[in-house]
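The values are calculated or read from the model by the stated rules, or taken from the named source; none is laboratory data. Here the structure is a predicted model, which means the values were calculated and not measured. Quick reminder, even Gly has a Cβ in these numbers, built from the backbone with ideal geometry, and neighbours come from all protein chains shown.
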Amino acid sequence: MTAATATAPAPARLGVRIGWLASTAAAWLLAIGFAWFCWFAVHGGVHGIDSRAYWLAAHRADPYRAAPGTLDAYLYPPPFTLLIWPLARLPLYAFNEVWLLAEAAVFAWLLRPLGLRWGVPAFLMCFAELIVGNVHAFLALVMVFGVRRGAPWAFALLTKVATGAAPRARRPPRR
């Protein structure tokens with residue numbers, strides 16, 4: 001095989017390059033559109049609806065006062081309230097911002113291997129999670145560290161009981 005036959009013909013390389021540029025542009029446009037949508041959600045009063053429920057649970061005698069499916073409903077086991085209790089001593093606005101910054105840091109760390117071309121649009125797609133303030137960023141971090149060690153799954157069990165099945169599912173059964 002000669003050097004001339006080892007390289008792809010110019011039209012094929014051009015097609016790959018156009019496809020690469022088109023997919024990059026599509027990812028950026030989708031991410032920017034999604035971030036724009038999230039901006040409207042923030043100004044519509046959606047900011048921190050889940051993190052507010054965590055904060056209120058740490059301040060109420062009965063964290064389950066609000067029914068599931070309603071605003072400020074707390075859907076987690078009681079140990080999760082104890083875990084966030086020190087952070088919940090902050091005022092609500094400060095709690096929401098610290099929670100948002102912690103989640104943003106986790107997402108940025110998880111997406112860092114993608115580089116700027118794909119990492120930035122992927123981070124923009126995380127804005128909905130950042131706006132509502134759920135625990136999914138921290139659960140993703142648990143999954144990354146839980147691949148090699150079992151201890152991080154304890155946090156997952158404090159938030160979503162069904163995630164306790166994941167460490168068991170990844171191990172081969174004993175014989």
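Annotations for the structure displayed:
- Scan region 53-86 for residues that are under 17 Å from LEU158 (Cα atoms), touching a residue at least 24 places away in the same chain (Cβ under 8 Å) and outside any loop (DSSP other than H, G, I, E, B) and the total you get is 9.
- Near pairs, Cβ below 8 angstrom, 6+ apart or cross-chain, from region 111-133 (touching a residue at least 12 places away in the same chain (Cβ under 8 Å) and on the phi > 0 side of the Ramachandran plot) to any residue that is part of a helix (DSSP H, G or I) and among the small types (Gly, Ala, Ser): GLY133/SER51
- Screening region 112-131 for residues that are hydrophobic (A, V, I, L, M, F, W, C) and either outside any helix (DSSP H, G or I) or surrounded by fewer than 18 Cβ atoms within 10 Å (Cβ to Cβ) (or both) and picking the one that is modelled with the highest pLDDT gives LEU114.
- Verdict on VAL135 being aliphatic (A, V, I, L, M), at pLDDT 85 or above and under 11 Å from the mean Cα position of the chain (by Cα): yes
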